[in-house]
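The values are calculated or read from the model by the stated rules, or taken from the named source; none is laboratory data. Here the structure is a predicted model, which is why all the values come from computation and not from measurement. Note that each Cβ is placed from the backbone with ideal geometry, even for glycine, and that neighbours are counted across all protein chains shown. These area figures cover heavy atoms from the full protein model, side chains too; ligands, DNA and RNA do not enter into them. Shrake-Rupley method; radii C 1.70, N 1.55, O 1.52, S 1.80 Å.
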Amino acid sequence: QVALLDIDICGPSIPKMMGLEGEQVHQSGSGWSPVYVEENLGVMSVGFLLSSPDDAVIWRGPKKNGLIKQFLRDVDWGDIDYLIVDTPPGTSDEHLSVVQYLSAAHVDGAVIITTPQEVSLQDVRKEINFCHKVKLPVIGVVENMSGFVCPKCKNESQIFPPTTGGAEKMCQNLNVSLLGKVPLDPQIGKSCDKGQSFLSEAPESPATLSYRNIIQRIQEYCDQHHFQEEKTL
Ligand SMILES: Nc1ncnc2c1ncn2[C@@H]1O[C@H](COP(=O)(O)OP(=O)(O)OP(=O)(O)O)[C@@H](O)[C@H]1O
Ligand SMILES: [Mg+2]
Ligand SMILES: [Zn+2]
């Protein structure tokens, strides 16, 4: 049972990617109910509260924090195994408040996404640093858009060259795990635009295999984390 919470208040892309554009949240006696993609996948996003997908949310920190608090407190998620929180890029109000509001819940950790080039790694080092500062464990880093295999000639090219060694080198230097690399695949963009699951659309593709490995490593990390927590209780 998985809950997906989109706290990218100003640029919520989860409703579109999950094929839920135009859906609205319902209010029930037990709070807001999430929008369900499938029986075991509930989603909450500010996108469900806007009247049009092009509406701009222009809010300062405190107002964003208020909504994030509401999402965590007033949504009836039911009995869930995983809560996945998708954040905007950076280390801002959204990141601070979600870590703060969930501190008593013992968050398993953060999964950090980068692309191979230095300009992206530079931001991601800051994000890892942020996690250390707020004592949020780093589950690991994913290198996205890592290589591209031409569908015509099958040659691999580096669209975003790892000029400084890519995520691999960064992870070694910062002593965090590299969870995996996902290649660039135009089908991913298409699936997201259509709100369809890339994993079901292209079950045999290298990117899907890579996603599956990454998911497995995250699950193993979380299992281990829960085991250790139970031991200390
Ligand atoms: N490996 C990939 N191959 C091809 N397209 C991809 C890949 N990864 C992501 N995309 C596409 O790139 C776009 C941006 O992806 P996504 O929204 O996940 O990025 P983001 O970092 O969360 O962006 P934002 O900063 O806006 O939150 C989407 O259209 C997505 O489908
Ligand atoms: Mg995003
Ligand atoms: Zn080619």
message: Among the residues of region 15-33, what is the count of those that are touching a His at 6+ places or on another chain (Cβ under 6 Å) and of a type in the set (Asp, Glu)?
response: 0
- prompt: Which members of region 82-101 meet the condition of being assigned to a strand (DSSP E or B) and either in contact with a Phe, Trp or Tyr (Cβ under 8 Å, 6 or more places away or on another chain) or not hydrophobic (A, V, I, L, M, F, W, C) (or both)?
  reply: TYR82, LEU83, ASP86
- prompt: Within region 5-19, how many residues are closer than 15 Å to GLU38 by Cα, part of a loop (DSSP other than H, G, I, E, B) and either open to solvent by less than 10 Å² (accessible area, probe 1.4 Å) or within 11 Å of ligand 1 (Cβ to nearest atom) (or both)?
  reply: 0
query: On the given criteria, is PHE198 more than 17 Å from the chain's Cα centre (by Cα), under 24 Å from ALA110 (Cα atoms) and aromatic (Phe, Trp, Tyr)?
result: no
field: Only one of ASP108, ASP79, ASP123 that is in contact (Cβ under 8 Å) with a residue 60 or more places away in the chain, open to solvent by 50 Å² or more (accessible area, probe 1.4 Å) and either within 16 Å of ligand 2 (Cβ to nearest atom) or assigned to a loop (DSSP other than H, G, I, E, B) (or both)
entry: ASP79
- prompt: How about region 139-161: which of its residues are away from ligand 1 (no atom under 15 Å from the Cβ) and crowded, with 19+ Cβ neighbours inside 10 Å?
  reply: ILE139, GLY140
query: When you scan region 138-186, how many residues do you find that are among the β-branched types (Val, Ile, Thr), part of a loop (DSSP other than H, G, I, E, B) and under 20 Å from the mean Cα position of the chain (by Cα)?
result: 1
Unique residue being polar (S, T, N, Q) and free of Cβ contacts under 8 Å to residues at least 40 places away in the same chain when the list is SER33, SER45, SER51: SER51
- request: Quick one: which residue in ILE84, ILE113 is within 16 Å of ligand 2 (Cβ to nearest atom), open to solvent by 50 Å² or more (accessible area, probe 1.4 Å), outside the structural domain of ARG217 (by TED's automatic domain parsing) and of a type in the set (A, V, I, L, M, F, W, C)?
  value: ILE84
query: How many residues does region 162-205 contain that are within 16 Å of ligand 3 (Cβ to nearest atom) and exposed (fewer than 14 other Cβ atoms within 10 Å of the Cβ)?
result: 1
Output for region 144-155, where each listed residue is within 16 Å of ligand 2 (Cβ to nearest atom) and farther than 14 Å from LEU209 by Cα: MET145
query: Do we find that TYR101 is open to solvent by 70 Å² or more (accessible area, probe 1.4 Å) and more than 12 Å from ligand 1 (Cβ to nearest atom) in this structure?
result: yes
- prompt: Which one of these is in contact with a Phe, Trp or Tyr (Cβ under 7 Å, 6 or more places away or on another chain), within 16 Å of LEU5 (Cα to Cα) and not assigned by TED's automatic domain parsing to the domain that holds GLY195: VAL46, VAL35?
  reply: VAL35
field: TRP59 outside any helix (DSSP H, G or I), free of Cβ contacts under 8 Å to residues at least 60 places away in the same chain and surrounded by 13 or more Cβ atoms within 10 Å (Cβ to Cβ)
entry: yes
